[in-house]
Amino acid sequence: MKRKIYIGVDVSKNWLDLAYYDGVEIDWKSGHIRVDNNKSGYRRISLWMKKLQIAKESALFCMEYTGLYCYNFRVWLESEGIIYGMINPRKMHRFEPDLGEGEPALDRIKTDEMDSFRIAMYCEKHSRKIKSSPSRLPGPAFFNLKRLLAERRQYVKHSVLYKQQLHDISAYDTEESCKRKQAGLKSLSVLRRQTDIEMRKIIKSDEAIYKNYKLLCSVIGVGLVIAVETIVLTENFTAITNPRKYACYVGIAPGRKESGISIRGGDHVSKKGFKQAKANLSLVALQAIRHDSNIRSGCLPSSKGKNHMWKWMPI
């Protein structure tokens, strides 16, 4: 029976730090390697595994979500038939392995090498869960949508800056300066519409994404941007399948903070989470309240007297 090896990978833009752990002992001296984050570096990983007599079938890789930096490495892992799991960075940040006396204090040392050992130990502890639902790359349409959504955000951000300048300080600018800003704003609007058209084409080209997109848009208040954002954040509902977990990830799930006699005024939503998605979902909720009488009947105006804001009050 081949021994199980757990390999933690700390991913950065230019290189990868890898460390292995067999579940018993940690080889602090020779159990780590750093390679370039490219094809030549991946070939070095194969040679390193052969040197350590680690079979691909018995190896389990783990790494944190790092966006595009880990994309090519994930492609290589899948082409080699290697099982791997993606870890939420927040969970990894809170993980503290139980080490014996004389071992390095990983809670005090913060290096890429030590992070790779920490990830390897996390991989061993949660190996059963990772093997039962290993990570897989979404299709190319998903990554195209992800990049287009980021591009669209940039256009919207710059458009807001131009609008603020034209509204607030246009009286102090020259006439030619105002014309340039208006032209820039018009150009950004054209680019944003072109991005929307391209996103719709890509959505229709992928059957799985198109199916979920239609379901999302059937919700009152959900349009192209919020539907695509939800698909991107959940990897088309493959990385996050539970709505409660998505609510926690975005930061809209209320939580309670109590300690002895210290009670902090009931349940509150967390300040952590993906703030852009949280803001967008708030707008969706307002639209649903405005256009759906059933939802509106379960809501009351805010106690602060702001009629344009609503507070959810279950009946």
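The values are calculated or read from the model by the stated rules, or taken from the named source; none is laboratory data. Bear in mind that the values here come from a model prediction, so they are computed numbers and not experimental data. Counting neighbours? That spans all protein chains shown, and the Cβs are built from the backbone with ideal geometry, glycine included. Surface accessibility is based on the protein's heavy atoms, side chains included, excluding ligands, DNA and RNA. Shrake-Rupley method; radii C 1.70, N 1.55, O 1.52, S 1.80 Å.
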Next item on the list: May I ask you to verify whether V190 is under 30 Å from K163 (Cα atoms) and modelled with pLDDT of 85 or more?
Entry: yes
Check: What about I7, is it within 27 Å of the chain's Cα centre (by Cα) and either closer than 21 Å to K125 by Cβ or open to solvent by 40 Å² or more (accessible area, probe 1.4 Å) (or both)?
Finding: yes
Next item on the list: Look through the stretch 139-159, keep the residues that are crowded, with 17+ Cβ neighbours inside 10 Å and within 20 Å of the chain's Cα centre (by Cα), and return whichever of them is nearest to K186 (Cα to Cα).
Entry: R152
Checklist line | Of all residues making up the stretch 213-235, the number that are modelled with pLDDT of 90 or more, polar (S, T, N, Q) and open to solvent by less than 30 Å² (accessible area, probe 1.4 Å) | finding: 1
Checklist line | Meets criteria (over 21 Å from R153 (Cβ atoms), without any contact (Cβ under 8 Å) to a residue 12 or more places away in the chain, surrounded by fewer than 18 Cβ atoms within 10 Å (Cβ to Cβ) and in contact with a helix residue (DSSP H, G or I) (Cβ under 9 Å, 6 or more places away or on another chain)) for R290 | finding: yes
Checklist line | Residue satisfying condition, being open to solvent by 50 Å² or more (accessible area, probe 1.4 Å) and outside any loop (DSSP other than H, G, I, E, B), within set K50, K29, K110, K13 | finding: K50
Margin query: Test of understanding: among S205, S187, which residue is under 30 Å from P138 (Cα atoms), out of contact with any Leu (no Cβ under 6 Å at 6 or more places or on another chain) and among the hydroxyl-bearing types (S, T, Y)?
Written below: S205
Note to self: Go through the stretch 36-78 and report how many residues are of a type in the set (A, V, I, L, M) and over 25 Å from the mean Cα position of the chain (by Cα).
What the structure shows: 7
Next item on the list: Out of Y210, Y162, report the one residue that is open to solvent by 70 Å² or more (accessible area, probe 1.4 Å), more than 26 Å from Y71 (Cα to Cα), in contact with a Lys or Arg (Cβ under 9 Å, 6 or more places away or on another chain) and in a helix (DSSP H, G or I).
Entry: Y162
Next item on the list: Residue by residue through the stretch 207-240, note down the ones that are within 30 Å of Y84 (Cβ to Cβ), among the polar types (S, T, N, Q) and without any contact (Cβ under 8 Å) to a residue 60 or more places away in the chain.
Entry: N212, T230, T234
Checklist line | Residue tally, condition under 18 Å from L16 (Cα atoms), among the aliphatic types (A, V, I, L, M) and open to solvent by 10 Å² or more (accessible area, probe 1.4 Å), over the stretch 55-70 | finding: 1
Next item on the list: Say whether the condition of being at pLDDT 90 or above and open to solvent by 70 Å² or more (accessible area, probe 1.4 Å) is met by at least one residue in the stretch 80-97.
Entry: yes
Check: G251 fails exactly one of the following numbered conditions: (1) modelled with pLDDT under 85; (2) open to solvent by less than 30 Å² (accessible area, probe 1.4 Å); (3) within 30 Å of Q194 (Cα to Cα). What is the number of that condition?
Finding: (3)
Notebook entry, point to check: From K245, K204, K257, K275, which residue is open to solvent by 40 Å² or more (accessible area, probe 1.4 Å) and touching a residue at least 12 places away in the same chain (Cβ under 8 Å)?
Noted result: K275
Notebook entry, point to check: Across the stretch 165-177, what is the total count of residues that are surrounded by fewer than 11 Cβ atoms within 10 Å (Cβ to Cβ) and assigned to a helix (DSSP H, G or I)?
Noted result: 6
Check: Of these, R128, R180, R118, R147, which one is assigned to a helix (DSSP H, G or I), without any contact (Cβ under 8 Å) to a residue 12 or more places away in the chain and within 30 Å of A19 (Cβ to Cβ)?
Finding: R128
Next item on the list: Could you tell me whether A239 is farther than 17 Å from L281 by Cα, at pLDDT 90 or above, within 21 Å of the chain's Cα centre (by Cα) and open to solvent by 40 Å² or more (accessible area, probe 1.4 Å)?
Entry: no
Note to self: Of all residues being small (G, A, S) and touching a residue at least 12 places away in the same chain (Cβ under 8 Å) in the stretch 3-44, which is farthest from D115 (Cα to Cα)? Just the residue, please.
What the structure shows: G41
